[in-house]
Amino acid sequence: MTDIVFVASCNVDLISYVDKMPILGETLMGNDFKIGFGGKGANKAIACSRLGSKCIVISKLGNDVFGKNYIDNFKLNNINTDKVFITDKASTGVAPICVDKDGNNSIIVILGANLLLSPEDIEKCEESIGNSKILVTNLEIPVETATKSFEIAKKYNVTTVLNFAPASVEKINEKLLNNTDYLVLNEIEVGQLSKFNIHSKEDVQLASLYLLENYHISKGVIITLGEKGVFFINARDKSYFQVPCHKVQVVDTSGAGDAFVGAFVHYLNRSDSIKRVIELATEYAGLTVQSHGTQSSYPSINSIDQKFKI
């Protein structure tokens, strides 16, 4: 049995390192350039697999060198690729990323083949979904495809985790949200989805409560707050807590949110303590910002402290 299914977007990262972000019309000399593997869905799967979970990805790649290399990357990371679809109708997704000297980043995503992953493709994967424990997706694929995956997951009582990213009010789908067990957002995304102005901890609490009640999230809302940590509100009794972040030397924040979600679902499958799950996922994400790259910054379970092995 598979532990976790990722209905996943896959993009090849084209990363430029600069001293500062360019302004409109400005040409800058960069310091370094790297090509890496990314995509919000695939990043989560890589982090989760490196921590020791058995993962399968459902995704769509272009029939090109980036797509072939991506399948090799999944296999290298012990991820099942039986449900990766190939298309001639679009290229594999790419994501040019700019990272400044403080580790801040800006990203342009060209989704390509990701946008062709269809509900019909998901229906072909029903057995794989039904035999899993947790299903994870995000909004770099068509919202109707994400919705179909959650409908099938709920049919088999599979726990669903939605990372509402990239956030878009056009992608608000009540059926998708109503079938969500855990909703994961960052500070910007929670403001966009709730239409609350987020300026304080109280704003975060009110917005998360609104999301719970308005969209009937069944288990909880998780809000990542960058250096301020992670906020969680429990759907059952409306209790909440905030897990702080340890201060670290930030080199590159690219993919840290995805690393958090990948670690979160890994530990969710192994612990009944949601607070402990979020603490470990937060610490794991903190490790990833201390080096360059997205997936290349995700440590494996054998290279990190014993406390991560539960």
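The values are calculated or read from the model by the stated rules, or taken from the named source; none is laboratory data. Since this is a predicted model, take the numbers as computed values, not measurements. Virtual Cβ from ideal backbone geometry, glycine too; neighbours counted across all protein chains shown. What goes into the accessible areas is simple: the full protein's heavy atoms, side chains included, and nothing from ligands, DNA or RNA. Shrake-Rupley method; radii C 1.70, N 1.55, O 1.52, S 1.80 Å.
Say we look at region 80-109 and pick out the residues that are in a loop (DSSP other than H, G, I, E, B), touching an Asp or Glu at 6+ places or on another chain (Cβ under 6 Å) and at pLDDT 90 or above; which of these is surrounded by the fewest Cβ atoms within 10 Å (Cβ to Cβ)?
Initial filter on region 80-109 (in a loop (DSSP other than H, G, I, E, B)): 88-92, 100-104, 108-109.
Pick out the ones that are also touching an Asp or Glu at 6+ places or on another chain (Cβ under 6 Å) and you get 91-92, 101, 103.
From what is left, the residues that are at pLDDT 90 or above are 91-92, 101.
On the way: Ser91: 19, Thr92: 27, Lys101: 11.
Result: Lys101.
Against the definition (assigned to a helix (DSSP H, G or I), in contact (Cβ under 8 Å) with a residue 24 or more places away in the chain, surrounded by 24 or more Cβ atoms within 10 Å (Cβ to Cβ) and among the polar types (S, T, N, Q)), how does Ser208 come out, yes or no? In short, yes. A count restricted to region 124-138 and to residues that are touching a strand residue (DSSP E or B) at 6+ places or on another chain (Cβ under 8 Å) and open to solvent by less than 40 Å² (accessible area, probe 1.4 Å) stands at 9.
Residues being more than 18 Å from Asp121 (Cβ to Cβ), over 16 Å from the mean Cα position of the chain (by Cα) and open to solvent by less than 10 Å² (accessible area, probe 1.4 Å) are represented in region 186-195 by at least one member. Which of the residues belonging to region 149-173 are under 17 Å from Lys219 (Cα atoms), open to solvent by less than 10 Å² (accessible area, probe 1.4 Å) and part of a helix (DSSP H, G or I)? Listed by number, the residues that qualify are Phe150, Ala153.
Taken together, Ile233, Ile278 contain a single residue that is within 23 Å of Val5 (Cα to Cα) and either in contact with a Gly (Cβ under 9 Å, 6 or more places away or on another chain) or crowded, with 18+ Cβ neighbours inside 10 Å (or both), which is Ile278.
Does Leu176 meet the test of being assigned to a helix (DSSP H, G or I) and surrounded by fewer than 19 Cβ atoms within 10 Å (Cβ to Cβ)?
Working: assigned to a helix (DSSP H, G or I): yes; surrounded by fewer than 19 Cβ atoms within 10 Å (Cβ to Cβ): no.
So Leu176 fails the test.
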